[in-house]
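Participant: Before we start, here is the structure in question, set down as structure tokens.
Read-outs throughout are calculated quantities, based only on the coordinates presented, and are distinct from any laboratory measurement. Because the structure is a prediction, the values reported are computed rather than measured. Neighbour counts are summed over all protein chains in view; Cβ atoms, including those assigned to glycine, are modelled from backbone coordinates with ideal geometry.
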Amino acid sequence: MKQIATFIVNEKHYELAIEPHMLLVEVLRDELGLTGTKHSCGIGSCGACTVLIDGRPTLACLTLALTVRGKDIRTIEGLAQGTTLHPIQKTFVEHGAIQCGYCTPGMVLSAKALLDKNLNPTEQEVKHALSGNLCRCTGYIKIIDAVLAAAEAMSKEAHP
Amino acid sequence: MSQKLSVVGKRIIQPDAAAKATGNAIYASDITIPGMLIGRVLRSPYPHAKIKRIDKSKAENLPGVEALITPEDTAQWKKFDRGLKDLPMIAGGYTVPADEGVLNERARHFGDAIAAVAAINEHIAEEALELIEVEYEELPFVIDPEEAMKPGATQISDFAGSNIGKHMSYAFPEGDVEKALGEADCVVEGTFTTTKQEHCTAESAAAVARIDISGRLIVWSQCQLAHLARREIAHIFNMPVRKVKLITPVIGGSFGQRGSLCAEPICIALALKTGKPVKLVYSREENFIALESRTGFKCNLKIGFKKDGTLTAIQVYMLGRLGGYMGCGPMASAIGMIFGLGHYRCPNRAGEADMVMTNTPVSGAFRGFGNPAIMWGIEQLVDEAAEKLNMDPLTIRLKNIKRAGEIANMGLCLESTYLEECIKRGAKAIGWREKWGKTKKGKTRRGVGVATMTHCSGAAPLYLDHSNAFVKLNEDGSADLVVHPAPVGQHIWGALSQIAAEELGIHAEDINIVTGDTDVTLFEYGSDASRSTYAVGNATLMAAHEAKEQILARAAEMLDVSSEALKISDRKISSRTDPKKSISVAEVCYDAIYNFKGECLNISGKCSWESKWNSPPAGAFFAEVEVNTDTGQVTVIRFVTAMDCGKAINPMAVEGQLEGGMQQGIGYGLTEDYVINKDTGVVETDNYDSYKMPGILDMPKTKVIIIDEPDPKGPFGAKGVGEPGMVGVAPAIANAIYDAIGVRIKDLPITPEKVLEVLLDLR
């Protein structure tokens, strides 16, 4: 039977009636139309469905939606300020880190979780932070470049 | 050819990148239409079985189920060749029989489609699948192609007298191979096997279909070959082409897999049955079992050399596993032979292939299309010969690679090649001289290896390589470019914008790409065979050129000079001799459209382009590996790809193609293994928990070297670069392993078990 629950997605409150078996990825995509969160492997192996829950990268394809009601859910749609891209989005675009783009939202959010804690990561720390996100197009090279460049840009912004 | 270029060669940002970065790009699987139903497919649990009876009643009565179709319902539609490739070609009028129905009453492989439902949501659709009762009659099945070729093996196809779906011969045989091998000073030979690599596109196969108010069928299709897909869909469903509109959405990866029809036929069947919009998105597991993946081969290779290292003969036999339907697997052997026998000068060449049907998921095109399979063996054997002849692996290659002016792999003149530069610059970057051939000791041993290759820029002259472009200039001097390559992530829109802008003398951001709708776009063969930048690029260049001539003619009149005296760049037309005489492109275009002197013209250009040439890209691959002799674990620690892909239209995009190819090559070499249970026919690797594609931690230090020399035939000198990047990776790794530990692995992938086994044999 459906239950009423409040979800806080990208700082907006949504009251929804959902089945208890519904996954977070379904609620985001099908109920809220936030299709930036991607569905790919369905078993938590590829990271395409990564969202941030209270700042922590979380796999929306393995998360029952009701378990995250009331929590701070951040999706790819919540990063840019209007048409101004988040620094990580900007460096992904500028460094050619996006090819087919289907893994990009998950990659960007995993990178955000890292950079929100550590503005000066080593290449190895970047790799570990993104090790749960699979990409088939890029060989990850330009993704690493983009995250390191974003770290530098965000660091300058934080400590001008 | 040296040209001052202002747009081509720049690292421009892709027009679609920001939408992808923000989650605003709409992929097929993201589409929602009011009233849309969700499709799901019931698949065979057996590798070979006759469907004796299907009881639909329980499933049909489930509330929310709107349609349930079985082979009986789909028999009204024509069978098809999902590979779409019945274009004339020189290699003996290649055709593939249409052997596959939308649904089939005999399952020919594990995962073959038996029935499909459309329901109001996915949960009900899935529940309905469980309620369908199917009575199967299990049939004898065959997994191994050699078994399938034996007399008395269970017969898979309806059309062939045996399970040999297609016998292919090398398209450019020459000389007398047997004689040359007999006379050779050194003969190296071996059997090399490769696996059925899965594409692992990030987005699953997906399609959306609906019937519009005039009864037309609208299909959102990820197909790389949109116009061929439209033709085939019209054919299957007994419609005139004009009744089908195909829309290409943003595509979440392809690599050749979407070169065939995937989710479209079943999705369309459900839409026709219900009259409602239907979306069908395959699960990850269905991607593994229902779609085409790379053709697995067993290659018997024999190469002859003279004492001085001159290559004199190559003989090839390829045995390929097609699967339950023909698909586009047969061509993998033809392409493999053309490339495998193509980049070295060799007066005696012959090749044969048997492409065999088995009760396994279907094989098809995947980046490199047969080339990686054959180079896996050829490039190891060349190293073996070098050792026997006491030569360096680089020297033997430099001695035998073709030079400009010779006949290239596709039987056409090799207009340009810089493979020598690739070998030399790549060797320097990996530290060849310091690292190769040194005595290795200890538990972990390092080695370096090389492999070289060539590929193609488009499908000519094998296929009819036909592209169209239309460009029209707007009143503000911007331009709409109407083209229809598949945007699979290769940055093709950006590359075509650069080509058009360079020719028109405007900026890349002035170009608006109009695409993805077969109602609007002219015929386009599509995006495969590393052809979009080269062939669609040439069409774009010629269309832009035609428009430019109109701009210059009108500008000449407006400036009262001769058009030959004019140049166009940076959105301006100016006189070469009198710099004061100048006018903007925008002014000319505005005056042409809003012309009150009775000379209205929408400046435009169109080109129907048929490639008569093929400028093969070529490259050298260098791996440095570390082998743990206790565990057999191989780690690639450094990888260098040096590529002659002509002039790089956008070096950043070219690097992206080569880096991605590297990753797929490392997976092909070391970890990706498509496992089919021999006793049950069940695919055991159907998701990323069991099938291991390289993650970010598996990537070595990498370097990409682009030679960046223009080719005379490509648009602004470009060649194709989509596929070559993965072709030489696995043999370079194998050769590096040999350098490290002195053993050869001839069976892909190179797992620790295989390495350990040969090491133990050695001890």
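Participant: For A:A80, list long-range residues whose amide hydrogen, built 1.01 Å from N in the peptide plane, is under 5 Å from its own amide hydrogen.
Facilitator: Under 5 Å from the amide H of A:A80: A:H86.
Participant: So for the pair A:E19, B:S690, with labels modelled 7 Å out along Cα→Cβ, what separation do we get in nm?
Facilitator: Those two pseudo-labels are separated by 2.6 nm.
Participant: Using the Cα gyration tensor of segment B:608-697, with a ≥ b ≥ c the square roots of its eigenvalues, what is the shape: rounded (a/c below 1.5), prolate (a/b larger than b/c) or oblate (neither)?
Facilitator: Oblate.
Participant: Quick one: Karplus J couplings for segment B:707-715, per residue in order, coefficients 6.51, -1.76, 1.60, θ = phi - 60°, nearest Hz, x for Gly and Pro?
Facilitator: Once rounded to whole Hz, the list reads 5, 6, 9, x, 9, x, 9, x, x.
Participant: Quick check for me: using +1 on Lys/Arg Cβ and -1 on Asp/Glu Cβ, what's the dipole size of segment B:466-610 about its Cα centre, in debye to the nearest 20?
Facilitator: Computed about the Cα centre, the dipole is about 340 debye.
Participant: With the dipole of the protein assembly as shown worked out from charges on the C-beta (+1 for Lys and Arg, -1 for Asp and Glu) around the Cα centre, which of B:A59, B:I12, B:S532 lies farthest toward the positive end?
Facilitator: Looking along the dipole axis, the top candidate is B:I12.
Participant: Can I ask one more? Which of the GluC sites (Glu not before Pro) found in segment B:627-696 are loop residues per DSSP with 14 or fewer other Cβ atoms within 10 Å of their Cβ?
Facilitator: On the way: sites: B:E655, B:E659, B:E672, B:E684; in loops: B:E672, B:E684.
Taking segment B:627-696 and a limit of 14 other Cβ atoms within 10 Å, the loop GluC sites (Glu not before Pro) found are B:E684.
Participant: If you take all C-alpha pairs in segment A:87-158, what percent of them are over 19 Å apart?
Facilitator: The share of Cα pairs beyond 19 Å in segment A:87-158 comes to 20 percent.
Participant: Using only the Cα atoms of segment B:1-71, what are the Rg and Dmax in Å?
Facilitator: 24.5, 72
Participant: Also: By the gyration tensor of its Cα atoms, with a ≥ b ≥ c the square roots of the eigenvalues, what is the shape of segment A:1-153: rounded for a/c under 1.5, prolate for a/b over b/c, or oblate?
Facilitator: Cα axes put segment A:1-153 in the prolate bin.
Participant: Summing -39500 (n - 2.57) over the DSSP H runs of n ≥ 4 in chain B and dividing by its residue number, what mean residue ellipticity at 222 nm do you reach, to the nearest 500 deg cm²/dmol?
Facilitator: Only helices count here, giving -8000 deg cm²/dmol.
Participant: Let me confirm one metric for peptide B:76-83, namely the mean number of other chain beta-carbon atoms within 10 Å of its residues' beta-carbons.
Facilitator: Numbers: counts 0, 0, 0, 0, 0, 0, 0, 0.
Mean shielding count: 0.
Participant: Could you tally the net charge around B:V536, taking each other residue with its Cβ under 11 Å from the Cβ of B:V536, Lys/Arg +1 and Asp/Glu -1?
Facilitator: Around B:V536, the charge tally is -1.
Participant: By the scheme Lys and Arg +1, Asp and Glu -1, what is the net charge of all other residues having a beta-carbon under 12 Å from that of A:E123?
Facilitator: Summing Lys/Arg as +1 and Asp/Glu as -1 gives 0.
Participant: Rounded to two decimal places and with Rh computed the Kirkwood way over Cα pairs, what is Rg over Rh for segment B:31-151?
Facilitator: Rounded to two decimals, Rg/Rh equals 1.07.
Participant: Loop only by DSSP, 16 or fewer other Cβ within 10 Å of the Cβ. Give me the GluC sites (Glu not before Pro) in segment B:471-531 that pass, ordered by residue number.
Facilitator: B:E475
Participant: Oh, and also: Relative to the Cα centre, what is the charge dipole magnitude of the protein assembly as shown, using +1 at the beta carbon of each Lys and Arg, -1 at the beta carbon of each Asp and Glu, and rounding to the nearest 20 debye?
Facilitator: Details: 98 positive and 113 negative charges, 300 e Å.
I would put it at about 1440 debye.
Participant: Further question: If each DSSP helix of 4+ residues adds -39,500 (n - 2.57) and the sum is divided by the residues in chain A, what number results at 222 nm, nearest 500 deg cm²/dmol?
Facilitator: Working: 4 runs with 47 residues, N = 160.
About -9000 deg cm²/dmol.
Participant: Right, here's the next one. Taking the Cα centre of chain B as the origin and placing charges on Cβ (Lys, Arg +1; Asp, Glu -1), which of B:T751, B:L228, B:G101 is farthest toward the positive end of the dipole?
Facilitator: B:T751
Participant: Sorted by mean Cβ packing within 10 Å, highest first, what order do the peptides B:530-543, B:750-763 take? If you can, show how the numbers build up before the last one.
Facilitator: Numbers: B:530-543: 28.9, B:750-763: 14.1.
For the peptides B:530-543, B:750-763, the packing ranking is B:530-543, B:750-763.
Participant: D for the protein assembly as shown, whole µm²/s, Stokes-Einstein with Kirkwood Rh over alpha-carbon pairs at 4 °C and 1.567 mPa s: what number?
Facilitator: Rounded, D is 45 µm²/s.
Participant: Beta carbons within 10 angstrom, averaged per residue: use that to sort the peptides B:626-632, B:713-719, highest first.
Facilitator: B:713-719, B:626-632
Participant: Convert each backbone phi in segment B:693-705 into a coupling constant with the Karplus relation 6.51 cos²θ - 1.76 cosθ + 1.60 (shift: θ = phi - 60°), then list the ³J(HN,Hα) values in order as whole Hz, x for Gly and Pro.
Facilitator: For segment B:693-705, the Karplus-derived couplings read 8, x, x, 4, 6, 8, 7, x, 5, 10, 9, 10, 10 Hz, x marking Gly and Pro.
Participant: Just to compare against my own numbers: the Cα pair-distance distribution for segment B:466-610, 5 Å bins, whole % per bin, please.
Facilitator: Bin by bin from 0 Å, the calculated values are 2, 11, 21, 21, 17, 12, 8, 5, 2, 0.
Participant: Placing +1 on the Cβ of each Lys and Arg and -1 on the Cβ of each Asp and Glu in the protein assembly as shown, which of B:V625, A:A60, B:A495 has its Cα farthest towards the positive end of the resulting dipole?
Facilitator: B:V625
Participant: Would you please classify the overall shape of chain B from the alpha carbon gyration tensor, given that a ≥ b ≥ c denote the square roots of the eigenvalues, rounded means a/c under 1.5, and beyond that prolate means a/b larger than b/c while oblate covers the rest? Don't jump to the answer; show the numbers that get you there.
Facilitator: Working: a/c = 1.87, a/b = 1.07, b/c = 1.75.
The shape class here is oblate.
Participant: How much net charge surrounds B:F288 when only the other residues with a Cβ under 14 Å from the Cβ of B:F288 are counted, with Lys and Arg +1 and Asp and Glu -1?
Facilitator: Net of charged neighbours comes to -4.
Participant: Where in chain A are the DSSP H helices whose alpha-carbon span along the long axis reaches 15 Å or more and whose Kyte-Doolittle mean is at least 0.5?
Facilitator: A:141-158
Participant: In addition: What's the ranking of B:554-561, B:99-106 by average number of surrounding C-beta atoms within 10 Å, highest first?
Facilitator: B:99-106, B:554-561
Participant: Tell me, what HN-Hα J-couplings in whole Hz come from the Karplus equation 6.51 cos²θ - 1.76 cosθ + 1.60 at θ = phi - 60° for each residue of segment B:594-602, using x for Gly and Pro?
Facilitator: With coefficients 6.51, -1.76 and 1.60, one gets 9, 10, 9, 9, x, 10, 5, 7, 8 Hz.
Participant: Additional query: Any idea what the dipole of chain B comes to, in debye rounded to 20, about its Cα centre with Lys/Arg Cβ at +1 and Asp/Glu Cβ at -1?
Facilitator: Roughly 1480 debye for chain B.
Participant: Taking the simple approach of a point 7 Å from Cα along Cα-to-Cβ for both A:K117 and B:E387, what is their distance in nm?
Facilitator: 4.7 nm
Participant: Considering every residue in B:197-205, what mean count of other chain Cβ atoms within 10 Å of its Cβ is obtained?
Facilitator: 5
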